[in-house]
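Please treat every number below as a calculation from the coordinates, not as lab data. Since the structure is predicted, the reported quantities are computational estimates derived from the model, not experimental observations. Cβ sites come from the backbone with ideal geometry, for glycine too, and all protein chains shown count toward neighbours.
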Amino acid sequence: MVSAQVELYPKELDMVAKSAIILPMNRSHRKTLAAVFANPISGNIEWRRIEALFKAAGCEVIEGSGSRVTILHTGRKATFHRPHPGKDALRYQIRAAREFLEKIGVTP
């Protein structure tokens, strides 16, 4: 069954195994994942790249009021505020994103 899932995705996409689920991740997602887990924490990752990583990991992104966004994944929930007026995520937001990704089993 797993091999059938792999054949559905184009060959240029890498697959990240999370439990029994195969997740497609392109090069941009892999670079963002590496940047989120880099030490020391980078302060110049665009928030839209982190949101795209969440979506690639199978998360649901729910828009809240203002700049609030809720990320859901199989019963786990994290709430973030999008950075404004800038587009880069702050270090504490990247740290929180890293912790949420670890909780859902997505690591580089």
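For the pair Asn39 and Leu72, the difference between a 0.36 nm per residue extended length and the Cα-Cα distance amounts to 9.3 nm.
Amide H contacts of Arg82 (H built 1.01 Å from N, in plane; Pro and chain starts excluded): Arg68, Val69 sit under 5 Å, all sequence-distant by 5 or more or on other chains. Taking 11 Å as the cut-off, the amide N atoms of the stretch 77-108 that come nearer than this to a point 7 Å along the Cα-to-beta-carbon line of Ile62 belong to 77-79. Here's how it looks for Glu46: its modeled amide H is under 5 Å from those of Ala89, which are all 5 or more places away or on a different chain. Electrostatic tally near Ala35: other residues with Cβ closer than 11 Å to its Cβ, Lys and Arg +1, Asp and Glu -1, net +3. Across the stretch 77-82, computed HN-Hα scalar couplings (Karplus, 6.51 cos²θ - 1.76 cosθ + 1.60, θ = phi - 60°) run 9, 9, 10, 10, 10, 5 Hz from first to last residue, x flagging Gly and Pro.
Each Cα pair under 8 Å and six or more residues apart adds its sequence gap; the mean of these over the residue count of the stretch 57-108 is a relative contact order of 23 percent. Phi angles across the stretch 67-73 convert, under the Karplus curve 6.51 cos²θ - 1.76 cosθ + 1.60 with θ = phi - 60°, into 3J(HN,Hα) values of 9, 6, 9, 10, 10, 10, 8 Hz, Gly and Pro given as x. Distance between the pseudo-spin-label points of Glu102 and Ser28 (7 Å out from Cα toward the beta carbon): 2.8 nm.
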